[in-house]
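Note sheet for the following structure.
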Amino acid sequence: MSNKNDQLQKLLKKITPRAALPKPVEGFSLLEHGLLCVFVRFVPQERAESFVATLRKSYPEWNEMRVAQTDEIAGFLKGGRATRDKLRGVWEPAREGREYLQEVFQRTHGMDLEFLREDVPSGAKMLAQMPVLGTAATCQLLGLAGESKVPTHPALVRVLERTGVVAKGNLRKAKDLSSHLPAGEGTSVLERVGEIADRWCHAKSPVCHECPLVDECPFGKKAFQEWKVAQARAEAHRQREDARRSALEKKERERLDREAARLAKKNEVIRAKQDREKQKRAAVEAKKREADAAKQRKQAEIQKRKVDAQKAVVKKAAAAAKQAAKQAAKQQSAKKKAPAPKKKPARKARRR
Ligand code: SF4
């Protein structure tokens, strides 16, 4: 066992917990101690204790805090209502504290954890999943509730079994895990094992490929290999999908190009046809214009001929009139020159 402990201690040195566990406070209930575990993640223990004391005064029933607004809780922690800006530093602890109470309510349907003192193993099962409180803090509560220093919490058992510190199934009836963890380091071991359980060693999907213990953890090594195979398969699948998608896209591009070329050709034919029709229309119009012009010219010629004919008639008439006038003048002149005819004696009347 000691070899195993050494092995685990070596592994745990690779882990740096995000938060330390508080020192238990005399007079705090288990529920309040959980609240303290949450607050020490944000402020030093002394201030965290004063937060718990303030809230205990502000909310006679913890359920009232569970259903309260975070701003209101933060206001109590700050010592009075204030804007969100001024609540900086207390708003986060207030929100986490409220979420912790909500988590307790969801797991136990109440706002009291004192029942854990009666049956710690059942309590450990009930509180197996406490993401807000965390595994290490839950184990500390369970430890305070019973005599055991390190209770048989499912998450701790899982890490010990997977890392090969204990054989699978060996802890089924164990009431305390202290003997399986390196001794003499206070809560530090619990904090580190809890960190592994909370961040990577999840019950259903452990994130072994990100876990710092993967190179030494038997379960992790196997899971990591499987993960790598799955990743390689996923990558191959992704590449096949990419190739298939590229081929489809290429096909689609070619189809669109063909379609565009077909349309361009069709448009070209339509344009050529339109051009031919346009030219034909222009030729017809030119011909028509030509015919109209010829017609107009012909009409103008006819008109001119008519005018000329009329002019000729007028001219002829004028010449004839002139001739007639001349003739008349001539006759007149001849008449004047000729001797006057002798008057014949008037015939006597026959009666004589
Ligand atoms: S490597 Fe995997 S199985 Fe091992 S402790 Fe880390 S998460 Fe758990």
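The values are calculated or read from the model by the stated rules, or taken from the named source; none is laboratory data. These figures come from a predicted structure and were not determined experimentally. Because the Cβ atoms are built from the backbone with ideal geometry, glycine has one as well, and the counts that use them run over all protein chains shown. Accessible surface is based on the protein model in full, side chains and every heavy atom, while ligands, DNA and RNA are left aside. Shrake-Rupley method; radii C 1.70, N 1.55, O 1.52, S 1.80 Å.
One table, with the values for the structure above:
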item: All positions within the range 1-15 that are assigned to a loop (DSSP other than H, G, I, E, B), in contact (Cβ under 8 Å) with a residue 40 or more places away in the chain and either charged (D, E, K, R) or open to solvent by 80 Å² or more (accessible area, probe 1.4 Å) (or both); result: 1, 14
item: Number of positions in the range 94-106 that are within 17 Å of residue 194 (Cβ to Cβ) and either touching a Pro at 6+ places or on another chain (Cβ under 8 Å) or open to solvent by 70 Å² or more (accessible area, probe 1.4 Å) (or both); result: 1
item: Residue satisfying condition, being surrounded by 15 or more Cβ atoms within 10 Å (Cβ to Cβ) and under 43 Å from the mean Cα position of the chain (by Cα), within set 38, 67; result: 38
item: Residue that is under 36 Å from the mean Cα position of the chain (by Cα), in a loop (DSSP other than H, G, I, E, B) and not acidic (Asp, Glu), where the choices are 89, 110, 97; result: 89
item: Candidate set from the range 161-187 (those that are among the small types (Gly, Ala, Ser) and in contact (Cβ under 8 Å) with a residue 24 or more places away in the chain); member that is least open to solvent (accessible area, probe 1.4 Å); result: 164
item: Subset of the range 186-230 (residues that are of a type in the set (Val, Ile, Thr), outside any helix (DSSP H, G or I) and either more than 8 Å from the ligand (Cβ to nearest atom) or more than 37 Å from the chain's Cα centre (by Cα) (or both)); result: 187
item: Among residues of the range 137-160, those that are within 16 Å of the ligand (Cβ to nearest atom) and either in contact (Cβ under 8 Å) with a residue 24 or more places away in the chain or open to solvent by less than 10 Å² (accessible area, probe 1.4 Å) (or both), counted; result: 7
